[in-house]
1. Of the residues that make up region 59-73, is at least one within 15 Å of the chain's Cα centre (by Cα), among the basic types (Lys, Arg) and assigned to a strand (DSSP E or B)?
2. How about region 100-110: which of its residues are in contact (Cβ under 8 Å) with a residue 40 or more places away in the chain and in a helix (DSSP H, G or I)?
3. Of all residues in region 57-76, count the ones that are in contact with a His (Cβ under 9 Å, 6 or more places away or on another chain) and surrounded by 15 or more Cβ atoms within 10 Å (Cβ to Cβ).
4. Among the residues of region 82-99, count how many are assigned to a loop (DSSP other than H, G, I, E, B) and surrounded by fewer than 12 Cβ atoms within 10 Å (Cβ to Cβ).
5. Does LYS52 satisfy being assigned to a strand (DSSP E or B) and either within 16 Å of GLN28 (Cβ to Cβ) or open to solvent by less than 80 Å² (accessible area, probe 1.4 Å) (or both)?
6. Taking PHE125 as meeting all but one of (1) over 21 Å from ARG16 (Cα atoms); (2) open to solvent by less than 50 Å² (accessible area, probe 1.4 Å), write down the number of the exception.
7. Counting only residues that are modelled with pLDDT of 70 or more, of a type in the set (D, E, K, R) and part of a loop (DSSP other than H, G, I, E, B), which one in region 1-31 is surrounded by the most Cβ atoms within 10 Å (Cβ to Cβ)?
Amino acid sequence: SSKPQCRAVSKRRRPRRMIYGFAFSPDQLEDWGRQHFGDTDDEEVLERYLRKSMGPLYYRCYHLWRRTTKHFVTYYTGPRCHEEDWCLTLADNISCDTATPPPREIIDKIKEVLDLTRDPEWHVFYGD
């Protein structure tokens, strides 16, 4: 009689969820708010700048790339561990519909309207 053979079942890890876009720290959003809404040191006003700044930035980006969304990026390692940034997301590996980043010429136009010199980057996405 033969024994049933056990096959090792490989444990497949779910692919890491990633988003591709421009991350903005709270300090960057405050600076943008100061430039566009008025200079202040009032903490309550600066807190509002964080929320108010993402709207115009989002619509400037969305106007050029209709697949733009907003997400939070949370850092779990490094000097900014447990801090969050807003991210204008241009692509991701979560959905087939949004997997393709914009072409280079669109990225360059987005950088111009957002007044950025840096390129978008891939970020680990832990959200829903």
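The values are calculated or read from the model by the stated rules, or taken from the named source; none is laboratory data. Note that this is a predicted model, so its numbers are computed, not measured. No Cβ is skipped: glycine too gets one built from the backbone with ideal geometry, and neighbour counts run over all protein chains shown. Please note that ligands, DNA and RNA were not included when accessible areas were found on the heavy atoms of the full protein model with its side chains. Shrake-Rupley method; radii C 1.70, N 1.55, O 1.52, S 1.80 Å.
1. Yes, there is a match, as at least one residue in region 59-73 is within 15 Å of the chain's Cα centre (by Cα), among the basic types (Lys, Arg) and assigned to a strand (DSSP E or B).
2. At the first step, the residues of region 100-110 found to be in contact (Cβ under 8 Å) with a residue 40 or more places away in the chain are 101, 106, 109-110.
Once the filter is applied, which keeps residues that are in contact (Cβ under 8 Å) with a residue 40 or more places away in the chain and in a helix (DSSP H, G or I), region 100-110 yields ILE106, LYS109, ILE110.
3. To start, the set of residues in region 57-76 that are in contact with a His (Cβ under 9 Å, 6 or more places away or on another chain) comprises 71, 73-76.
Of the ones still in play, those that are also surrounded by 15 or more Cβ atoms within 10 Å (Cβ to Cβ) are 71, 73-75.
So the count comes out to 4.
4. Taking region 82-99 first, the residues assigned to a loop (DSSP other than H, G, I, E, B) are 82-83, 93-95, 99.
In the following step, the residues that additionally are surrounded by fewer than 12 Cβ atoms within 10 Å (Cβ to Cβ) were identified as 82, 95.
Final tally of qualifying residues: 2.
5. Working: assigned to a strand (DSSP E or B): no; either within 16 Å of GLN28 (Cβ to Cβ) or open to solvent by less than 80 Å² (accessible area, probe 1.4 Å) (or both): yes.
When the stated conditions are applied, LYS52 does not pass them.
6. (1)
7. Quick first cut of region 1-31, residues modelled with pLDDT of 70 or more only: 16-31.
With of a type in the set (D, E, K, R) added as a condition, the list becomes 16-17, 27, 30-31.
Right, trim to part of a loop (DSSP other than H, G, I, E, B) and you get 16-17.
Numbers: ARG16: 10, ARG17: 14.
Here the residue is ARG17.
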